[in-house]
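**Student:** This is the structure I have questions about; it appears just below.
The values are calculated or read from the model by the stated rules, or taken from the named source; none is laboratory data. None of these values were measured; they are calculated from a predicted model. As a convention, Cβ positions derive from the backbone with ideal geometry for all residues, glycine included, and neighbour counts pool all protein chains shown. Calculation scope for accessible area: heavy atoms of the full protein, side chains included, ligands and nucleic acids excluded. Shrake-Rupley method; radii C 1.70, N 1.55, O 1.52, S 1.80 Å.
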Amino acid sequence: TMFGANVGFSLRRAGAGLGLIQSPTTQSRLRWCLGHALTSSTLHPPKGTHSDFSYDALSVSQLKHFLDSAGIDYRDCYEKKELAERLHGARHSLTPSLRSELESCASGSHPRPDLTQKNKSDPLLQEERRTIEVFDRSAPSVVHITTSSIVQRQFSLDLSEIPLGTGSGFVWDRDGHVVTNFHVVQNAQRAKISLADNTSFEGKLVGAEPDKDLAVLRIDGLSPSRPIVPLAVGSSHGLRVGQKVFAIGNPFGLDQTLTTGVVSGVGRDVKGITGRTIRGVVQTDAAINPGNSGGPLLDSQGKLIGVNTMILSPSGASSGVGFAVPADTVRRVVNQIIRHGRVIKPSLGVNCAADQQARQLGLGGVLVLSVVPGSGADEAGLLGTSRSGWGEVTLGDEIVEVDGKKVESAEDILHVLELSEVGEEAKVVVRRKGRSETLSVKLQARAE
């Protein structure tokens with residue numbers, strides 16, 4: 001048309017004058033304006049040229065796909081026509097393979113690109129890919145636990161189910177055992193376990209260890225033909241501050257939520273819900289909120305290194321200081337619960353004085369008040385505190401070391417012995433009448 005000829009003539013003259021403009025920025029802006037004007041007037045290239053096709057054959061998604069692949073910004077484009085103009089104006093900057101794909105798709109001689117696949121020209125960062133891989137591999141093993149209790153209504157025989165709370169857990173083995181925190185299922189009469197595919201089952205309590213805030217449930221009614229994916233279990237031994245960690249759980253009821261952080265501390269001693277100290281706890285700054293309890297803390301390989309159990313926060317929300325029961329403790333406790341229904345705790349067979357009483361007497365170790373008859377301590381010859389007929393008190397043995405570890409409290413003895421098995425022998429160093437003696441004590445199961 002006459003208008004097209006005039007536009008072409010004006011553009012040629014303007015293009016020849018670019019060399020007279022000294023500013024690179026001005027030249028760049030003018031080139032863009034000229035290219036935009038040209039594409040606006042020639043949206044459909046004439047027949048016989050290299051671009052013998054119409055952009056109308058492409059969908060909006062395809063236009064965005066090619067613009068993304070070429071790294072062309074189109075944030076200011078509102079309509080399909082504007083996307084087509086932007087792509088046409090930048091067609092000479094496309095790679096040969098991308099230009100060939102564009103022309104084939106627009107002419108209908110080539111299948112449309114699969115836009116569900118990741119664009120290879122716009123890859124994720126390697127660290128992002130690793131995070132996604134960890135989540136995709138581990139998330140199917142994480143479950144959502146909802147607890148409730150059954151109460152009878154006042155002045156009625158009707159029963160009502162009252163929700164108690166929610167938490168997280170993870171599949172331990174292919175037999176359907178699920179690990180969570182004890183405080184998640186405490187006082188609950190019913191527990192519903194929701195898997196990653198949103199199917200729900202009743203959960204039956206196998207056993208619990210309140211001192212470690214751990215409990216084991218079993219998925220009831222799980223079909224043998226239904227595959228479930230156990231979580232890979234790693235080791236908490238040798239964790240280093242600064243290691244990257246991932247927490248998966250259901251904070252505030254938002255299932256399959258991933259938070260990331262680092263190991264911010266190791267070997268912490270934290271009081272559990274029973275008042276007993278949990279030793280070797282893993283500290284992390286990964287966000288742990290209500291509902292995350294019982295969920296896994298994973299390393300960069302997606303292996304369990306801890307069970308998220310509590311946070312340090314005045315407000316009750318994540319403050320950047322969370323704690324997880326170490327994986328080595330979890331493995332030992334869970335295996336005993338599955339095999340015996342409870343944790344069998346080894347004992348020396350002695351009753352100890354309160355730590356405060358021992359300090360008042362000027363003792364630095366643990367004072368033996370009495371020895372259980374027939375126990376390993378009795379057979380090894382440990383002596384308890386006694387009182388003569390005249391009322392004179394004779395202090396018993398003072399335990400100062402167990403299996404090479406110095407002990408200053410009854411809690412220290414329990415911590416050392418929990419790593420041993422019933423039937424094994426423990427080397428116990430006692431202080432008796434100013435002299436040190438080493439005795440071999442056969443461990444027995446602690447009476448509950």
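**Student:** Would the range 293-309 turn up any residue that is at pLDDT below 90 and more than 10 Å from the chain's Cα centre (by Cα)?
**Tutor:** No, the range 293-309 has no match at all.
**Student:** Same structure, new question: Can you go through SER370, SER388 and tell me which one is modelled with pLDDT under 90, outside the structural domain of ASP269 (by the TED database) and surrounded by fewer than 19 Cβ atoms within 10 Å (Cβ to Cβ)?
**Tutor:** Going through SER370, SER388 in turn, the sole match is SER388.
**Student:** All but one of (1) open to solvent by 70 Å² or more (accessible area, probe 1.4 Å); (2) more than 12 Å from ALA191 (Cα to Cα); (3) assigned to a strand (DSSP E or B) hold for GLU127; which doesn't?
**Tutor:** (3)
**Student:** Which of the residues belonging to the range 179-219 are touching a Lys or Arg at 6+ places or on another chain (Cβ under 7 Å) and in contact (Cβ under 8 Å) with a residue 40 or more places away in the chain?
**Tutor:** GLY203, VAL206, GLY207, ASP211, LEU217, ARG218, listed by residue number.
**Student:** Inside the range 169-187, can you point out the residues that are closer than 10 Å to THR309 by Cα and open to solvent by less than 10 Å² (accessible area, probe 1.4 Å)?
**Tutor:** THR180, ASN181
**Student:** Can you name every residue in the range 187-214 that is part of a loop (DSSP other than H, G, I, E, B) and under 22 Å from the mean Cα position of the chain (by Cα)?
**Tutor:** Listed by number, the residues that qualify are LEU195, ALA196, ASP197, ASN198, THR199, ASP213.
**Student:** Then there's this: Tally the residues that are among the hydrophobic types (A, V, I, L, M, F, W, C) and under 17 Å from LYS442 (Cα atoms), restricting the search to the range 351-387.
**Tutor:** 7
**Student:** Yes or no: the range 56-63 includes at least one residue that is among the acidic types (Asp, Glu), exposed (fewer than 13 other Cβ atoms within 10 Å of the Cβ) and not in a helix (DSSP H, G or I).
**Tutor:** no
**Student:** Continuing with this model, one more query. I'd like to check which helices (runs of 4 or more DSSP H) are fully inside the range 292-386 and have at least 2 residues that are of a type in the set (Lys, Arg).
**Tutor:** 327-340
**Student:** Looking at ALA353, is it over 30 Å from VAL184 (Cα atoms) and open to solvent by less than 50 Å² (accessible area, probe 1.4 Å)?
**Tutor:** So ALA353 fits the description; yes.
**Student:** Scan VAL245, VAL262 and give me the residue that is assigned to a strand (DSSP E or B) and either at positive phi or surrounded by 18 or more Cβ atoms within 10 Å (Cβ to Cβ) (or both).
**Tutor:** None of the other options fit; the residue is VAL245.
**Student:** Hey, among the residues in the range 282-292 that are more than 17 Å from GLN256 (Cβ to Cβ) and surrounded by 24 or more Cβ atoms within 10 Å (Cβ to Cβ), which one's nearest to the chain's Cα centre (by Cα)?
**Tutor:** This residue is THR284.
**Student:** Looking at the range 324-347, can you tell me whether even one residue there is more than 22 Å from ILE278 (Cβ to Cβ) and not basic (Lys, Arg)?
**Tutor:** no
**Student:** Of all residues in the range 387-405, which are of a type in the set (A, V, I, L, M, F, W, C) and either within 20 Å of LEU419 (Cβ to Cβ) or part of a strand (DSSP E or B) (or both)?
**Tutor:** Answer for the range 387-405, where residues must be of a type in the set (A, V, I, L, M, F, W, C) and either within 20 Å of LEU419 (Cβ to Cβ) or part of a strand (DSSP E or B) (or both): VAL393, ILE399, VAL400, VAL402.
**Student:** Looking at LEU231, LEU222, LEU217, which one is assigned to a loop (DSSP other than H, G, I, E, B) and buried (at least 20 other Cβ atoms within 10 Å of the Cβ)?
**Tutor:** After applying the criteria, what remains is LEU231.
**Student:** Would you tally the residues in the range 265-280 being part of a strand (DSSP E or B) and either among the small types (Gly, Ala, Ser) or surrounded by fewer than 23 Cβ atoms within 10 Å (Cβ to Cβ) (or both)?
**Tutor:** 10
**Student:** Still on this structure, I have one more. Taking the conditions exactly as written (assigned to a loop (DSSP other than H, G, I, E, B), out of contact with any helix residue (DSSP H, G or I) (no Cβ under 9 Å at 6 or more places or on another chain) and farther than 19 Å from GLY322 by Cβ), does GLY238 satisfy them or not?
**Tutor:** Judged against the criteria, GLY238 is a match.
**Student:** Taking VAL184 as the residue in question, decide whether it is in a helix (DSSP H, G or I) and within 20 Å of the chain's Cα centre (by Cα).
**Tutor:** Criteria met by VAL184.
**Student:** Which of the residues spanning the range 176-216 are within 19 Å of GLN336 (Cβ to Cβ) and not hydrophobic (A, V, I, L, M, F, W, C)?
**Tutor:** GLY176, HIS177, THR180, ASN181, LYS204, GLY207, GLU209, PRO210, ASP211, LYS212, ASP213
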